[in-house]
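**Q** Quick one: the structure is below, and I'll ask about it shortly.
None of the figures in this text is laboratory data; all of them are computed from the coordinates on show. Keep in mind the model is a prediction, meaning the values are calculated, not measured. Please note: Cβ atoms are built from the backbone with ideal geometry, for glycine as well, and neighbour counts cover all protein chains shown.
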Amino acid sequence: MKRVFAFLLTLCMCIGILDSGCDLRVKAEETKKEYKIMVNRAANCVTVYEKAEDGTVVPVRAFICSCGREGHETPLGTFRTSSAYEWRLMVDGTYGHYAVRFNKGIMFHSIPYYTKNAGDMEWEQYNLLGQPASLGCVRLTCADAKWIYDNCKAGTEVTVYDDAENPGPLGKPEEIKLEEGHAFKTWDPTDTDIDNPWNTVRPELHLMNGRGDGVVYLPVGATAHDIYSALAVRTPQGEVRALGEYQLRMTGAYDLNSVGKYIAHVYGIDTHGVRVEQDMMICVE
């Protein structure tokens, strides 16, 4: 009897743990923001809009992508995201990293990998970003696919449309081209995996002035130029790049004419084409 009781107690505890895990996942989904994803098939560019409580939307992310090539075009229309997979076996036997389904077999995912190994990417396919190349899915860099995987809840609206003249309100980003002889070519340069060798040359964002807390402080009425003047890119060797040696882009729902604290996404690229990005707080006072 004691053994039966102990077994039942253990079983109940396990069920409780499983239920707790499910609750945590549900809560994590509930706390995610509301987004709308627009895929410009003709321009091979994705724009993500954040939805405000009043129903308005603000563009907050732009991703270069590869939609379906001729004969395998990504279907037009409006859909909803559903299942998500850290690794997903594709129809051609390759693997997609951070795959998010939004229309039957059509998904957002990384550049294909030969195996479920972050250092086994099909590097030639990475160089096709920005042009049609897939079998219908929407290919993204690893970092961009992971952003959708991490931040967009199941049921997020996705619209696929064509507009060859206008990629989107944030423009179409560019990515580094991988050289055949490069030692790191089988790793996605955007992947933040701790073992990624690109981390050895990846720059970091640097505040030119501040209070030591990583916050960008600006007066009411500041301009976008003031934001960019406050930021720079620093190499792994500690060298701060001069203006003209890097590119910076910032997106987000912030108002430089109103006192408050805002979160903005900062995206930087150095002279090697390697990107660094993070969310930063802007304090308008």
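**Q** Please give the length that would be gained between His72 and His272 if that part of the chain were fully extended, namely 0.36 nm times their separation in residues minus their C-alpha to C-alpha distance (nm, one decimal).
**A** 68.7 nm
**Q** Between the stretch 248-285 and the stretch 66-107, how far is it from one alpha carbon centroid to the other, in angstrom?
**A** 30
**Q** Distance cut-off 27 Å, Cα to Cα: go down the list Lys33/Lys185; Lys32/Lys185; Lys177/Lys261; Lys36/Lys261; Lys116/Lys177 and report the pairs above it.
**A** Check vs 27 Å cut-off fails for Lys33/Lys185; Lys32/Lys185; Lys177/Lys261.
**Q** Could I ask something else about it? Could you work out the percent of alpha carbon pairs in the chain separated by over 31 Å, rounded to a whole number?
**A** Percentage above 31 Å: 36.
**Q** Relative contact order for the stretch 201-284 using alpha-carbon pairs under 8 Å, separation at least 6, rounded to a whole percent?
**A** Working: 168 pairs, mean separation 29.0, N = 84.
The normalised contact order for the stretch 201-284 reaches 35 percent.
**Q** Treating only the Cβ atoms of Lys and Arg (+1) and Asp and Glu (-1) as charged, compute the dipole magnitude of the stretch 78-215 about its Cα centre; round to the nearest 20 debye.
**A** That gives a dipole near 480 debye.
**Q** Would you compute, from DSSP H runs of 4+ residues alone, the mean residue ellipticity of the chain at 222 nm, taking -39500 (n - 2.57) per run and dividing by the full residue count, rounded to the nearest 500?
**A** Mean residue ellipticity at 222 nm (helix-derived): -5500 deg cm²/dmol.
**Q** If I stretch the segment between Thr200 and Leu89 completely, what's the gain in nm (0.36 nm per residue apart, minus their alpha carbon distance), one decimal? Write down the numbers at each step before the final one.
**A** On the way: separation 111, 0.36 × 111 = 39.96 nm, distance 2.99 nm.
This chain segment gains 37.0 nm when fully extended.
**Q** What's the magnitude of the charge dipole for the chain around its Cα centre, counting Lys and Arg as +1 and Asp and Glu as -1 at the beta-carbon? Answer in Debye, nearest 20.
**A** Details: 29 positive and 39 negative charges, 183 e Å.
That gives a dipole near 880 debye.
**Q** With a cap of 11 neighbouring Cβ atoms within 10 Å, and only residues DSSP puts in a loop, list the GluC sites (Glu not before Pro) found in the stretch 145-204.
**A** When the GluC sites (Glu not before Pro) of the stretch 145-204 are filtered for loop state and at most 11 Cβ neighbours within 10 Å, Glu165, Glu179, Glu180 remain.
**Q** Sorting check: for 185-196, 76-87, which peptide has the highest mean count of neighbouring beta carbons within 10 Å, and how do the rest follow?
**A** 185-196, 76-87
**Q** Another question about this same structure. Show the residues, 5+ positions off or on another chain, whose built amide H is closer than 5 Å to the amide H of Arg61.
**A** Val48
**Q** Here is a follow-up. Using a Förster distance of 25 Å, how high is the FRET efficiency between Asp193 and Thr31, based on the Cβ-Cβ distance and rounded to 0.05?
**A** Efficiency, from the Cβ-Cβ distance: 0.50.
**Q** If a paramagnetic tag sat 7 Å from the Cα of Val220 along the Cα-Cβ line, which residues of the stretch 231-260 would have the backbone N under 13 Å from that point?
**A** Only 256-260 pass the distance filter.
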